[in-house]
Amino acid sequence: MSVINSKSITQLSLIGIFTEITKLRLSVSVVFSSVAGYLLGADSIDFFVLFLLCVGGYCMVGASNVYNQIIEKDLDALMDRTKNRPLPAGQMSVRSAFILAIALTVLGIAVLYSINPITAMFGAISIFMYVSLYTPLKTKTPLSVFVGAFPGAIPFMLGWVAATGEFGIEPGTLFMIQFFWQFPHFWAIGWFLFDDYKKAGFFMLPNGKRDKGTAIQVILYSIWTVLVSLIPVLGITGKLYVTPISAGLIGVLGIGLLYYAIKLYKEKTSVAAKQLMLASVSYITLLQIIYVADKFLR
């Protein structure tokens, strides 16, 4: 009969609390976007720089999430989705969370700065905008999603900047893709979590309600997302280019995204919204894979 000692239990608990308060899955998805951007921008892959980008990127996203949960501790306690997070559940003190956030911020900026100063600058901007602008606006106005789309769009282009040390039309295009993508993605989440968000007074939908107007905007921004994603095939975005074959695959992904956006318009249900959310995650993930595969296979 095996016995797990108290020290092991404590270590497992600490790991669990850390992954929860830094939002492991979200942070990993953001790092994935940065890695994709790096692979697109790099002439040759420096695996040490790639490692630094992963570490620094996780620290920056993790810090943003910790600050966010400190600010929204009392509001998180009101929602079923968030009431068991470390702070509202009493698993971690605000003081400890703040120390962790500071440590992650300093470490993240330092690591990204070791890659190049511009990468560190954009990383710092993303934290500032997410914590100081997006987070407080969530209880004030639906425009919070628009504001939050700026720091949310930085990771994809951050990888390119890390690889090249420059900002130009290529990372700008990557930024636009992830910027427009966030609207159908987060509005879908805001739709199926509408009642839970309402408990905390969060305004996540453009019209403030689950109606035809919101659904139409979801469709429009889905169209913009697909169109921006196809711009590189035109050969007008510098070194960022995709072949017609890859553009065709992206077009197919776009049709899938639009299908679920239109389905939400027709059905106006939480089930349809959740399907759109999953479709949007699949879209951005597969798009990034196609972009990278296109570069290395052509």
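The values are calculated or read from the model by the stated rules, or taken from the named source; none is laboratory data. This one's a predicted model, so the numbers in the text were calculated from it and none came from an experiment. Quick reminder, even Gly has a Cβ in these numbers, built from the backbone with ideal geometry, and neighbours come from all protein chains shown. Side chains included, ligands, DNA and RNA excluded: accessible areas come from the protein's heavy atoms. Shrake-Rupley method; radii C 1.70, N 1.55, O 1.52, S 1.80 Å.
Remarks
- Boolean, Ser114 is over 24 Å from Phe192 (Cα atoms), at pLDDT 95 or above, of a type in the set (Ser, Thr, Tyr) and surrounded by fewer than 21 Cβ atoms within 10 Å (Cβ to Cβ): yes
- Any chance Val226 is touching a residue at least 24 places away in the same chain (Cβ under 8 Å) and open to solvent by less than 10 Å² (accessible area, probe 1.4 Å): no
- In region 58-90, the residues that are more than 24 Å from Ser34 (Cβ to Cβ) and of a type in the set (Ser, Thr, Tyr): Thr82
- On the stretch given as region 32-61, residues that are free of Cβ contacts under 8 Å to residues at least 24 places away in the same chain and assigned to a helix (DSSP H, G or I) total 5.
- The residues of region 69-96 that are more than 22 Å from the chain's Cα centre (by Cα), part of a helix (DSSP H, G or I) and touching a residue at least 12 places away in the same chain (Cβ under 8 Å), listed by number, are Asp74, Val94.
- You will find that of Val145, Val131, Val106, the residue that is among the aliphatic types (A, V, I, L, M), assigned to a helix (DSSP H, G or I), open to solvent by 60 Å² or more (accessible area, probe 1.4 Å) and farther than 19 Å from Phe32 by Cα is Val106 and no other.
- Residue within region 169-177 that is of a type in the set (Val, Ile, Thr), open to solvent by less than 20 Å² (accessible area, probe 1.4 Å), within 15 Å of Ile290 (Cβ to Cβ) and modelled with pLDDT of 95 or more present: yes
- Residue match in region 145-158 (condition: without any contact (Cβ under 8 Å) to a residue 60 or more places away in the chain and over 24 Å from Cys54 (Cβ atoms)): yes
- Asp74 vs. criteria of a type in the set (D, E, K, R) and over 30 Å from Leu240 (Cβ atoms): yes
- Residue selected from region 12-43 under the condition of a type in the set (Val, Ile, Thr) and either within 30 Å of Gly90 (Cα to Cα) or modelled with pLDDT under 95 (or both), by the criterion surrounded by the fewest Cβ atoms within 10 Å (Cβ to Cβ): Ile15
- On the stretch given as region 232-271, residues that are under 20 Å from Phe192 (Cα atoms) and surrounded by fewer than 21 Cβ atoms within 10 Å (Cβ to Cβ) total 12.
- Members of region 256-275 that are more than 17 Å from Val226 (Cα to Cα), of a type in the set (Ser, Thr, Tyr) and in contact with a helix residue (DSSP H, G or I) (Cβ under 7 Å, 6 or more places away or on another chain): Tyr265, Ser270
- Residue in region 130-147 that is of a type in the set (A, V, I, L, M, F, W, C) and closer than 30 Å to Ser13 by Cα present: yes
- Single residue of region 261-298 satisfying the filter (charged (D, E, K, R) and touching a residue at least 40 places away in the same chain (Cβ under 8 Å)) that is farthest from Ala36 (Cα to Cα): Lys268
- Just one of the listed residues (Leu158, Leu87) is buried (at least 23 other Cβ atoms within 10 Å of the Cβ) and under 22 Å from Gly201 (Cβ atoms), and it is Leu87.
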